[in-house]
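S.K.: First the structure, then my questions, so here it is.
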Amino acid sequence: ANVNFVISLHLFSDITSYVMSTRYFNNFTSKSIEKGQCLLYEREEINKVFLIKDGEFEISFKNSMSYLDKMLDYFISNKNLGESKKSYEQKVDEERKRIRREIEIDNNYIKFYNETRHIKILTVSTGDIVGLDEYFTDKGESFFTVECKTTKGEVFQISKMFYDQMRNRLVTMKEKENEITSNKCKKIIERLFIIKKSLYKAFCDIKQKKI
């Protein structure tokens, strides 16, 4: 059943049950996760890939809007976004101009902009994979903390080294990973833009109340 779960995932779907069982599956380890436990921590080196079999996990980071902007820049410059890249670049440029205008109008925005806060990005669950390219900084560390939010969770974990060996050996797996990470990066970017918009609205509401 566990082998069948792994090959049911799009990333591994071209691997037969026999090949997975005899060549690869002994490198997969099942792990139970309690609520509040984390698969990854922000700025932690990523050395494992996790396949979520059960449970919900929150992807988040604890930092400022200025860090969020740097993250956006990094994702748009370095991740595989296909035809969406140009429109994201234009959107970031417009946002940058707006922030400069806001700072010129109200110096309090600088403090708000640099204030540390807990920012939730996405929720992942059964069938999702944690630890692929969309999690990586240029130093091989995680952008995010990934925390279990359900009473219990279950994952299969494999070492990043072994995962890379599998991916480099299997052409279709590499193609599928590019597809998966590109789609997830777009979701993260869209979510970051939404967060920026809601935080800016919060700042405007605070400013309005002071008037």
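The values are calculated or read from the model by the stated rules, or taken from the named source; none is laboratory data. Please read these numbers as outputs of a predicted model, since none were measured by experiment. Cβ: placed from backbone, ideal geometry, glycine included. Neighbour counts: every protein chain shown. Areas reflect the complete protein model, heavy atoms only, side chains present, ligands, DNA and RNA absent. Shrake-Rupley method; radii C 1.70, N 1.55, O 1.52, S 1.80 Å.
S.K.: What's the local net charge at E42, with K and R +1, D and E -1, over the other residues with C-beta under 9 Å away?
M.R.: Details: positive: R43, K62; negative: E44, E141.
Neighbour charge sum, excluding E42 itself: 0.
S.K.: Please list the non-local residues whose amide H lies under 5 Å from the amide H of E44, H modeled 1.01 Å from N, same-chain partners needing a gap of 5 or more.
M.R.: Amide H to amide H, under 5 Å and 5 or more residues apart or across chains, E44 pairs with S142.
S.K.: Which order do peptides 89-95, 121-127 fall in by mean Cβ count within 10 Å, highest first? Write down the numbers at each step before the final one.
M.R.: Values: 89-95: 13.7, 121-127: 15.6.
Top to bottom by mean Cβ count within 10 Å: 121-127, 89-95.
S.K.: Further, regarding this structure: Under the 0.36 nm per residue contour assumption, what length would be gained going from the current alpha-carbon distance of N183 and K91 to full extension? Can you show the working numbers first?
M.R.: Details: separation 92, 0.36 × 92 = 33.12 nm, distance 1.82 nm.
Extra length from N183 to K91 when fully extended: 31.3 nm.
S.K.: What residue among Q90, G131, I180 has its Cα farthest toward the positive end of the dipole of the chain, where the charges are +1 on Lys, Arg and -1 on Asp, Glu, each on the Cβ?
M.R.: Q90
S.K.: Give the lysines whose C-alpha is closer than 24 Å to that of K174, dropping any in the same chain fewer than 8 places away, or say none.
M.R.: K48, K53, K79, K85, K139, K160, K184, K186, K187
S.K.: Could you state how much accessible area D54 has, in square angstrom rounded to the nearest 10, with a 1.4 Å probe and all protein chains kept in place?
M.R.: 80 Å²
S.K.: Next up: Just to verify a number: what accessible area does R101 come out at with the full protein assembly present, 1.4 Å probe, Å² rounded to tens?
M.R.: Using a 1.4 Å probe on the heavy atoms, I get roughly 130 Å².
S.K.: When you have a sec, figure out the Kirkwood radius of segment 1-89 from all distinct Cα pair distances and drop it here in Å to one decimal? Walk me through the intermediate numbers first.
M.R.: On the way: mean 1/r = 0.0602 Å⁻¹.
One decimal place: 16.6 Å for the Kirkwood radius.
S.K.: Here is a further query. Can you give the accessible area of H118, probe radius 1.4 Å, in Å² rounded to 10?
M.R.: 110 Å²
S.K.: Only one of the values [x] 37, 19, 13; [y] 24, 23, 14; [z] 32, 19, 15 was calculated from this structure for semi-axes √(5λ) of the Cα gyration tensor in Å; name its label.
M.R.: After the calculation, the listed value that fits is [x].
S.K.: Step through the residues of segment 120-132 one at a time and calculate ³J(HN,Hα) from phi using the Karplus curve (6.51 cos²θ - 1.76 cosθ + 1.60, θ = phi - 60°), rounding each to whole Hz and writing x for Gly and Pro.
M.R.: 7, 9, 8, 10, 10, 8, 3, x, 7, 10, 10, x, 8
S.K.: With each run of n ≥ 4 DSSP H residues scored as -39500 (n - 2.57), what mean residue ellipticity at 222 nm is computed for the chain after dividing by its residue count and rounding to the nearest 500 deg cm²/dmol? Before the final figure, lay out each step's value.
M.R.: Working: 6 runs with 98 residues, N = 211.
When only DSSP H runs of four or more count, the value is -15500 deg cm²/dmol.
S.K.: Scanning the chain for helices, which whole DSSP H stretches are 18 Å or more long along the axis (Cα) and average -1.0 or more by Kyte-Doolittle?
M.R.: 65-78, 171-210
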